[in-house]
Amino acid sequence: MDELMSVHSARGAAWNRVRLACLERDLSVCQYCGGHATTADHVIPISKGGPSELWNLVAACQPCNARKSDRPILRRFWRDESWFRR
Ligand SMILES: [Zn+2]
């Protein structure tokens, strides 16, 4: 588990870049509650092998990111659903 976490480290310049790109794509709107997003949340959790890439990230506010459960994502906020397709 620790190895996985280090591979997909949620820190550093690479994460910062993709996080900011995610916030820009989702207009800084939290995809769970519609609030102001300040971070990005993994759709497929890192623990389940989800990569830190844009298609697997949604904008989220701190409370929702911390609460992180299997809550469904409010897809209506997505500008372009093709982001979600493989
Ligand atoms: Zn939220």
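What to note about this one:
- Filter result (farther than 15 Å from Arg67 by Cβ and away from the ligand (no atom under 16 Å from the Cβ)) within the stretch 26-50: Ile44, Ile46, Ser47, Lys48, Gly49, Gly50
- The helices (runs of 4 or more DSSP H) located wholly in the chain that include 1 or more residues which are out of contact with any Cys (no Cβ under 9 Å at 6 or more places or on another chain), open to solvent by 30 Å² or more (accessible area, probe 1.4 Å) and at pLDDT 95 or above occupy 13-25.
The values are calculated or read from the model by the stated rules, or taken from the named source; none is laboratory data. Just so you know, these numbers come straight off a predicted model, no measurement behind them. Neighbour counts run over all protein chains shown; Cβ positions are idealised from the backbone, glycine included. These area figures cover heavy atoms from the full protein model, side chains too; ligands, DNA and RNA do not enter into them. Shrake-Rupley method; radii C 1.70, N 1.55, O 1.52, S 1.80 Å.
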